[in-house]
Amino acid sequence: MAMTGVLRPGHGAIRVLDLEEAVHHYRDILGMVETGRDAQGRVYLKCWDERDHNSVVLRQADRAGLDFFGFKVRDKATLDKMEADLKAYGLKTERIPAGEMLATGERVRFELPSGHLIELYAEKKAVGNGLQVTNPAPWTKASENGIAPVRLDHCLLYGPNIAEVQKIFTEVLGFYLVERVLAPDNETNAAIWMSCSHKVHDIAFVEHPEPGKLHHLSFLLDSWEEVLRASDIMSMNGVPIDIGPTRHGITRGCTIYAFDPSGNRFETFMGGYQPYPDYEPTTWTFDGLGAGGGLDYPQRKLHETFLTVVT
Ligand code: M3P
Ligand code: FE
């Protein structure tokens, strides 16, 4: 499909309780590359195969969770148009000046009815993935450090009003619904997976009474073998695993959910499938999430932490 509008998830800014412990986790165990620290003390990291300066920003705070999640858009004209469209839809937007985040251009920020801050931006310094653009090798040394995911892939957020959130993403930002879980009423959605691309999801939401919650940031691996290797590395380093390695029925992703030292969940996964915007969304019943294998296809059970542990 043509890649216009919103291109991809660009950054997740997360709060951690102890910065250096978090840096050790994200840089040395997960295996991201540290790309900078700013005057506020925030630490910037990227996955080895990402080309832009950062995809995870760590900020020390007294509670864990998500400060904001950003998407890169095609260009400045797209940014202006999307800001106008968000305003016309009735949302308040705020411009954050270029440079407020290291190596990052102007950002347009708005708050979702779920209580999450979402940002759009058109420019972030391309630092490259360490490979030449002419006749490159397939990987670098950085791809052998820790778990070493190739990119930040998506996030799953918990909060209220996800029907409204779905409308904003699909009617204003050009996303489409790929999969959903029905609430026990069999009418409204309890969870939604939406894509702005050919990926099975770029962002997902679960209906939840408390606003602004993070379920997980997710990082992509290339193979099932790498997912199993990730679980070995987690175990070797005492990283608490929540679920997996297993496969989600929903999205078909082969996954591990685990926690960073502050209790923020992260996912390392591979696979899924490649949907198109004209596909009929896949629907799971509420029972299907557990007994139907939506969450955990081999075990067909609703792990209690899935619905209760968020930051
Ligand atoms: C995902 C994810 C579930 C399927 C999830 C698929 C929770 O990649 O974690 O968002 O059933
Ligand atoms: Fe996920």
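The values are calculated or read from the model by the stated rules, or taken from the named source; none is laboratory data. Please read these numbers as outputs of a predicted model, since none were measured by experiment. Neighbour counts run over all protein chains shown; Cβ positions are idealised from the backbone, glycine included. Note: accessible area is taken over every heavy atom of the protein model, side chains too, but ligands, DNA and RNA are not part of it. Shrake-Rupley method; radii C 1.70, N 1.55, O 1.52, S 1.80 Å.
A residue that is part of a loop (DSSP other than H, G, I, E, B) and more than 16 Å from ligand 2 (Cβ to nearest atom) can be found somewhere in the range 221-232. Take the residues in the range 233-257 that are in contact with a Ser or Thr (Cβ under 8 Å, 6 or more places away or on another chain) and in a loop (DSSP other than H, G, I, E, B); name whichever of them is nearest to ligand 2 (Cβ to nearest atom). Restricting to residues being in contact with a Ser or Thr (Cβ under 8 Å, 6 or more places away or on another chain) and in a loop (DSSP other than H, G, I, E, B), the top hit is HIS248. Name the pairs: first residue in the range 253-279 and without any contact (Cβ under 8 Å) to a residue 24 or more places away in the chain, second residue near ligand 1 (Cβ under 10 Å from one of its atoms) and open to solvent by less than 10 Å² (accessible area, probe 1.4 Å), Cβ to Cβ under 7 Å, at least 6 apart or on different chains? Listed by first residue and then by second, the contacts come to PHE259/ARG265. Taking the conditions exactly as written (at pLDDT 95 or above and either closer than 22 Å to TRP193 by Cβ or open to solvent by 20 Å² or more (accessible area, probe 1.4 Å) (or both)), does ALA148 satisfy them or not? When the stated conditions are applied, ALA148 does not pass them. At least 3 residues being under 28 Å from MET32 (Cα atoms) and away from ligand 2 (no atom under 16 Å from the Cβ) is the threshold, and among the strands (runs of 3 or more DSSP E) wholly inside the range 97-183 those reaching it are 107-111, 117-121. Selection over the range 176-218 of residues that are of a type in the set (Phe, Trp, Tyr) and either within 11 Å of ligand 1 (Cβ to nearest atom) or at pLDDT below 95 (or both) gives a count of 2. Once the range 259-293 is narrowed to residues that are among the hydrophobic types (A, V, I, L, M, F, W, C) and within 20 Å of the chain's Cα centre (by Cα), the residue that is nearest to ligand 1 (Cβ to nearest atom) is PHE269. Of the residues that sit in the range 116-134 and are open to solvent by 50 Å² or more (accessible area, probe 1.4 Å) and β-branched (Val, Ile, Thr), which one is nearest to PRO9 (Cα to Cα)? The selected residue is VAL127.
Note on the range 209-220: residues that are more than 12 Å from ligand 2 (Cβ to nearest atom) and either open to solvent by less than 30 Å² (accessible area, probe 1.4 Å) or closer than 13 Å to GLY146 by Cβ (or both) total 1. Hey, does the range 165-175 have a residue that's away from ligand 1 (no atom under 16 Å from the Cβ), in contact (Cβ under 8 Å) with a residue 24 or more places away in the chain and not assigned by TED's automatic domain parsing to the domain that holds HIS198? No, the range 165-175 has no match at all. When restricted to residues that are of a type in the set (Ser, Thr, Tyr), more than 17 Å from THR4 (Cα to Cα) and assigned to a helix (DSSP H, G or I), the range 78-96 contains 1. Residues that are without any contact (Cβ under 8 Å) to a residue 60 or more places away in the chain and open to solvent by 60 Å² or more (accessible area, probe 1.4 Å) were ranked within the range 280-300; the one that is farthest from ALA61 (Cα to Cα) is GLU280.
Inside the range 33-77, residues that are in a loop (DSSP other than H, G, I, E, B) and crowded, with 17+ Cβ neighbours inside 10 Å make up a count of 9. Each residue in the range 6-28 was checked for being out of contact with any Phe, Trp or Tyr (no Cβ under 9 Å at 6 or more places or on another chain) and either open to solvent by 10 Å² or more (accessible area, probe 1.4 Å) or assigned by TED's automatic domain parsing to the domain that holds HIS201 (or both), and 9 of them qualify.
Taking the criterion of being charged (D, E, K, R) and closer than 20 Å to GLU171 by Cβ, the residues of the range 265-287 that qualify are ASP278, GLU280. Is the range 221-234 home to any residue that is within 14 Å of ligand 1 (Cβ to nearest atom) and either within 18 Å of VAL150 (Cβ to Cβ) or touching a residue at least 24 places away in the same chain (Cβ under 8 Å) (or both)? Yes - at least one qualifying residue is present in the range 221-234. Being open to solvent by less than 30 Å² (accessible area, probe 1.4 Å) and more than 8 Å from ligand 1 (Cβ to nearest atom) is the filter here; which residues of the range 245-258 pass it? Residues satisfying the conditions are THR246, CYS254, ILE256, ALA258.
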